[in-house]
1. Give me the percent of the accessible area of the chain that comes from carbon and sulfur atoms, probe 1.4 Å, all protein chains in place.
2. Using only Cα atoms, locate the centre of the range 374-449 and the centre of the range 49-64, then give the distance between them in Å, rounded to an integer.
3. What translational diffusion coefficient, to the nearest whole µm²/s, does the range 1-160 have by Stokes-Einstein, given a Kirkwood radius computed over alpha-carbon pairs, a temperature of 25 °C and 0.890 mPa s viscosity?
4. Listed here are the pairs 188/442; 89/372; 65/442; which of them are more than 31 Å apart at the Cα?
5. State the volume of the convex hull built on the alpha-carbon positions of the range 127-197, expressed per residue in Å³ and rounded to an integer.
6. Measuring from label point to label point, each 7 Å out along Cα→Cβ, what is the residue 11 to residue 317 span in nm?
7. At q = 0.19, 0.22 Å⁻¹, what log₁₀ I(q)/I(0) does a Debye calculation on the Cα points of the range 335-426 give, no solvent, two decimals?
8. Express in whole angstrom the spacing between the alpha-carbon centres of the range 207-266 and the range 134-202.
Amino acid sequence: MDWVRRTPAEQLALKKAEAEALFRRIGITFAVYGEGGDTERLIPFDMMPRVFTEAEWRRLERGVKQRSRALNAFLYDVYHRSEIVRAGKIPADLVYRNEAYEAAVVGISPPGGVYSHIVGIDLVRTGPDEFFVLEDNCRTPSGVSYMLENREIMMRMFPELFRTSRIAPVDDYPDRLRRTLASVAPGKCEGEPVTVLLSPGSFNSAYYEHSFLADQMGIEIVEGQDLFVQGDFVYMRTTEGPKRVDVIYRRIDDSFLDPLCFRPDSMLGVPGLMNVYRSGGVTICSAPGAGVADDKAVYTYVPDMIRFYLGEEPILKNVQTWKCSDPGDLKYVLENLGELVVKEVHGSGGYGMLVGPKSTREQIAAYAERIKADPADFIAQPTLALSTCPTFVDDGLAPRHVDLRPFCLVGKEVHLCPGGLTRVAMREGSLVVNSSQGGGVKDTWVLAD
């Protein structure tokens, strides 16, 4: 704040324009389809960082690591003995009829028992010492490239701030990710594991991140057509001939991974990949079927998972959640739609949700009909008093709502990067921080004591 006060407004405006030019020059964009106009958009970047003390971060770190361990224990369990279902801690239908549950994975034991290797836990702050988990992302949480590029740009624009403040570094994340992936190489791996990043290709909305991470890790980025199965192994086509692949960091959905096992019309996957995975010839990160832990109805049972698998009390709380599949909850939600936030169980990106206090009567009535048509497809939560963070707008500094997605790496060890992706709702009063809905990003600082 001292720095902001002594910096002329004209210089701040120049810095903001410089940051935007850097984002555009580097090519940090995201894709939005179906809305017309330019599909490649520049994500808004705010120069005012979000700051955590080391003590605050240590608590968050313990909570996120605890949750990541419990989620992985749950995933291993539901694809093996399903002890948590047998114990009556979670309904069987919620697991086995979940569209993200993959029967093809039942009985497969990935190296180390790890199903979700990169866990993104979305957190919101509601008071000085109150943090809540908004949702879990166990498949392929995106946004880490923004975390790294935000820091790079801040260091280039404001080196004096980094000289005078003890800010925990995040630039070792790619190396830690590479080591995490290598640590779960299959037993059949010979020598140094060969890791590749499997992408749907350049038309995917997160392709910038795919290519950025592959480059930072020093691994090949491949598409399905670059890989093939021969015998018990997966190989990559190279100019020097086939090269065996041990670990696949996949950034494509389960249903497209293998046309012989999932969608037969998939042109993005590798025929026969699942057979190699079953035989222990390759590790897929994150594992197929990990999406069952992403479900917003399953989310409501994560505190029970922590108690069941770890024998501990949850460090981080869930947001109170009403499951519309429950008749009592459904009645309450329909009677109070104007005060609640309602989400699709399998939704993402801020799409398909209703923010009751910000909606018209017509929108609420239309959404109520959607809920009545398929109650099990929706959950509801209270409108939280989300914390705000100082944010540069046209008129200067103003409060804007934020959330946080730290990235937890799970392999032989569990590591949480000291920072994360802070997303900010750039529109005044908005609670929706998703970039696809007009949200922006900030650098996240963890200050050493």
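1. Values: 9800 of 19870 Å².
Taking all protein chains in place, the chain shows 49 percent carbon and sulfur surface.
2. Cα centroid to Cα centroid, the span is 14 Å.
3. Numbers: Rh = 19.9 Å.
Value of D from the Cα-based Kirkwood radius: 123 µm²/s.
4. The answer is 188/442.
5. Values: hull volume 12.8 nm³, N = 71.
Hull volume normalised by residue count: 181 Å³.
6. 4.3
7. -0.99, -1.10
8. Taking the Cα centre of the range 134-202 as reference, the centre of the range 207-266 is 19 Å away.
The values are calculated or read from the model by the stated rules, or taken from the named source; none is laboratory data. These numbers were taken from a predicted model, which means no experiment stands behind them. As a convention, Cβ positions derive from the backbone with ideal geometry for all residues, glycine included, and neighbour counts pool all protein chains shown. Remember, those area values only see protein heavy atoms, side chains included, never the ligands or the DNA or RNA. Shrake-Rupley method; radii C 1.70, N 1.55, O 1.52, S 1.80 Å.
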